[in-house]
Amino acid sequence: MPRQPRLDIPDLLQHVIVRGIERGKIFRDDVDRRDFLERFRSLLAETGTECFAWALMPNHFHLLLRPRQVELSRFMRRLLTGYAITFNRRHKRSGPLFQHRYKSILCEEEVYLLELVRYIHLNPLRAGLVPDLETLDSYPWCGHAELLEKRPSTGLSCDSVLELFGGKHKAARLAYRQFLADGLTMGNRPELVGGGLRRSQALSQRTEEHQDYDDRILGSGKFVESLREEGLLQSSLSPRMGLMELQTAIEGYYQLPSQGLCQRGRQNTVAEARVVFCYYGVRWLHHSGAAVGRHLGVGPSSVTRSVRRGEKIIATNRKLKIGIEQAIKQ
């Protein structure tokens, strides 16, 4: 199935998971970890992004963020690119450091904020990086010790977390610590990284037992529906259409015969239809370039060039844009 676009919506909670390429280490020593945290701290302050939990593991890391002034994608691009350049230079390596896509899950804050804080901060203990909760209390590579005020601040929104446990800081820290201890027997909690109640399609059209699920959202059906009513999901949740359906729509618009789009040639109409097909297949419906290429019988580099050409055509011809998008939506 084609990968879906991330839901990059400001002012909403996002659980971000980033993994090393081919499960490789992204933190080899404490120098790497300190460099990452310094970049992270600076970006939080510069962009006004709130962080409620974080944990650095050898080959991946977790962040619980609420973007404010800057989109999550821009925040993560700056964080990952800067760190990867320094890491490669320091360790005399080349090539990608991270998997090509980080995972981000849009979360219903009221229900899941504290559960995610606990889940993320217990990661080092579950993975055996520390032997017990007492050691985790002062462990420098996750935000737990910061909430207990046993480590320097990285920009974690400690007050926002602790106020959920009570008015006075000392009592709140004790209650938070007990909350973490209560989670030790809960296991890996896969429901917190796979989307929970992941409703993504129009809820009113289906019965509860036949809902479609979306692993980019962790929240109740009411949460998803409220986002949809506010118009926040309409641009993010693109219509799901297969490449054959898209081909039929494009051929119909350009009045080509069936399978005419797959015929190679230099005719202006067919050539334009092919690049428009590539543009909508990749940018609008979020199919991979490789899948679009296989469908047309061309390589990924040809698809990339066609997407750029299609983008220019669509940007300069509003009538064409409206006509094709109406054909796709029919």
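Across MET76, MET57, MET241, mean-square fluctuation computed from a Gaussian network of the chain (C-alpha pairs under 10 Å connected) peaks at MET241.
Placing a pseudo-label 7 Å from each Cα along the Cα-to-Cβ vector at SER220 and ALA171 gives an inter-label distance of 2.8 nm. Taking a cut-off of 12 Å between Cα atoms, list the aspartates and glutamates near LYS312, but don't count ones fewer than 8 places away on the same chain. LYS312 reaches GLU272. Going toward the positive end of the dipole of the chain, with +1 on Lys and Arg Cβ and -1 on Asp and Glu Cβ, which of TYR253, PHE179, ALA271 do you reach last? Final value for the positive-end residue is ALA271. Helix 318-329 and the longest principal axis of the Cα set of the chain meet at an angle near 80°.
Among the listed options (1) 48, 27, 23; (2) 30, 22, 20; (3) 43, 24, 16, the one matching semi-axes √(5λ) of the Cα gyration tensor in Å as calculated from these coordinates is (3).
For the residues SER73, SER104, SER226, a GNM of the chain with alpha-carbon springs under 10 Å puts the largest fluctuation on SER226. Centre-to-centre separation between the Cα atoms of region 5-32 and those of region 37-93: 8 Å. Here LYS168 is the anchor, and the aspartates and glutamates within straight C-alpha reach of less than 15 Å, apart from those fewer than 8 places off in the same chain, are GLU149, ASP159.
For the chain, the longest principal axis of the Cα atoms and the long axis of helix 243-254 meet at an angle of about 40 degrees.
Could you state the number of Å between the C-alpha centres of region 102-178 and region 273-330? A separation of 45 Å, based on Cα centres.
Which GluC sites (Glu not before Pro) in region 1-97 sit in a loop by DSSP (not H, G, I, E or B) and have at most 16 other Cβ atoms within 10 Å of their own Cβ?
Details: sites: GLU22, GLU38, GLU46, GLU50, GLU71; in loops: GLU71.
The qualifying sites are GLU71.
Note on the chain: with a GNM built from Cα contacts shorter than 10 Å, the maximum mean-square fluctuation among LYS103, LYS25, LYS312 falls on LYS312. Rounded if a/c is under 1.5, else prolate if a/b beats b/c, else oblate: with a ≥ b ≥ c from the C-alpha gyration tensor eigenvalues square-rooted, which is region 1-61? Note, shape of region 1-61 comes out oblate. The angle between the Cα long axis of helix 169-182 and the main principal axis of the chain comes to about 70°, on a 0 to 90 degree scale.
How large is the convex hull of the C-alpha atoms of region 118-161 per residue, in Å³?
Details: hull volume 2.9 nm³, N = 44.
It is 65 Å³ per residue.
Each value in this text was obtained by applying a stated rule to the coordinates, not by laboratory testing. It should be emphasised that the depicted structure is a prediction, and the values quoted were computed from it without experimental measurement. Here the Cβ is made from the backbone with ideal geometry for all residues, glycine too, and neighbour counts use every protein chain on show.
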